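Here's the structure, in structure tokens; my notes come after.
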Amino acid sequence: MNKNIVFIINNVYVNGGIPRITLLLIENLIKTGKYNIALVSLSKSLEKSYYEIPEQCRVINLSLHTFSVRKHTLKAARELHCLFPSDFDGTFVVADVGHSIPAWLGLRHCMKAKFISWSHTNFFNGSRWGFSGWGKRLAVKKFDYLVALTKEDKGYYDKILHAANVVQIYNPINGGVVKSPYAVESKKIISCGRLDPVKGFDLLIGVAKKVFSQVEGWTWDIYGDGAEKESLEEKIKQYDLIGKVNLKGFRKDILSLYKEYAFNVFTSRGEGCPIAMIEAQSAGLPIISFDFKCGPKDLITDGENGFIVANWDLDEMADRILKLIEDKELRYKFAANADMNLGELKMPYVLEQWNKIL
């Protein structure tokens, strides 16, 4: 008899890492033939989902157009309570720790159910005593499992909250990534992400100013859209980097573009476990990244498949970029080792870990 699994997500209809990874996992869990899967979207802001939803996955939408933990927790909890009877026998997987609060309030009457909180940020994201902080503590105390994305992040739960129910499972590699022959002659750098302060693209432009004052013929492309577009354009102009740092906008075909680039740079201020880093490594690109929480320590072996740079040290970041630009053999070595740490991110292994807790 198949197990019943219900994923609970803020909004499955939008473009973003959480809906993309959640649907990727659902698709592959369905393929195992072991599960009946439903997905509850706490809000529905668009008529059609940005990503394809598997036909075998039943979608349930709450009445909200947008969902805010601060504003809509009680309303969402009441609607969840009405959806599932007390004798529901299955597992609720709550995508992101802050949503653990409405899920628990609305579904704790389901005494036979198992509860899993799936964190998509790092331990330090959000206020310690805000909804994110309380959601973490609730999941550690009341849920069967809390899934952390990286070994580094699991360590923070273990050390700070003395959590006994935290397991670590990486986001899986997107099967659409193709590893092409490395473009060792490329003179293009790539960075990807929404144009948001957390991604640190303002820092990137500061680094670019230092780099392009010493080299000619190279360019740096940023893929993504967001609220910081105008301010970043102004900074590019102010630093006289027009034509050198290029805002390329959002591209659905980003996976096919990696093969054109020499290496990928991450200047984020914080992540859960950056999907773009996983995809770039899968495509065979060297990585240079600040040592933000969390992801780089799990995915990059410094000096073997990339460089890890002290947080927000623009001079060191520029030096590492210049080193890769100047050393073609080192770029080729890093590219050859790009996916050296991705064994636990392959879908069969990820599914095996989820099967153990579902």
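The values are calculated or read from the model by the stated rules, or taken from the named source; none is laboratory data. Remember, it's a predicted structure, so these values are computed and weren't measured experimentally. Glycine gets a Cβ as well: all are built from the backbone with ideal geometry, and neighbour counts include every protein chain shown. Accessible surface areas use protein heavy atoms only, side chains included; no ligands, DNA or RNA. Shrake-Rupley method; radii C 1.70, N 1.55, O 1.52, S 1.80 Å.
Things worth noting here:
- Neighbours of residue 127 by Cβ distance under 12 Å: Lys/Arg scored +1, Asp/Glu scored -1, total +3.
- Annotation note: chymotrypsin sites (Phe, Trp or Tyr not before Pro) in region 10-77 located in DSSP loop regions with a Cβ neighbour count of at most 12 within 10 Å are absent.
- When you filter the GluC sites (Glu not before Pro) in region 171-278 for DSSP loop state and at most 10 other Cβ atoms inside 10 Å of their Cβ, you are left with 185, 216.
- Carbon/sulfur fraction of accessible area - region 77-192, other protein chains in place, 1.4 Å, %: 56
- Shown here for region 229-329: trypsin sites (Lys or Arg not before Pro) in loop regions (DSSP other than H, G, I, E, B) with at most 16 other Cβ atoms within 10 Å, namely 251, 252, 269.
- Charge context of residue 66, other residues only, Cβ under 14 angstrom, K/R +1, D/E -1: +4
- Accessible surface computed residue by residue for region 140-186, with neighbouring protein chains in place and a 1.4 Å probe, gives 48 Å² per residue.
- Per-q log10 I(q)/I(0), region 233-358, q = 0.14, 0.22 Å⁻¹ (Debye; single scatterer per alpha-carbon; no solvent): -0.69, -1.43
- Added length on full extension, which subtracts the Cα-Cα distance from 0.36 nm per residue, residue 127 to residue 108: 4.3 nm
- Within straight-line cross-link reach of residue 151, lysines at Cα separation under 23 Å, skipping those fewer than 8 residues along the same chain: 136, 141, 142, 159, 199, 293, 297, 346, 356
- Within the same chain, aspartates and glutamates fewer than 8 places from residue 31 are excluded, and of the rest, those with a Cα less than 18 Å from its Cα are 52, 55, 352.
- Region 118-175, dipole about Cα centre (Lys/Arg Cβ +1, Asp/Glu Cβ -1), debye to the nearest 20: 220
- Accessible-area composition of region 239-295, carbon plus sulfur, in percent [1.4 Å probe]: 47
- Take each peptide in 37-44, 282-289, count the other Cβ atoms within 10 Å of every residue, and average; sorted highest first, the result is 282-289, 37-44.
- Residue-averaged [θ]222 nm for the chain, counting only DSSP H segments that reach four residues, each worth -39500 (n - 2.57): -10500 deg cm²/dmol
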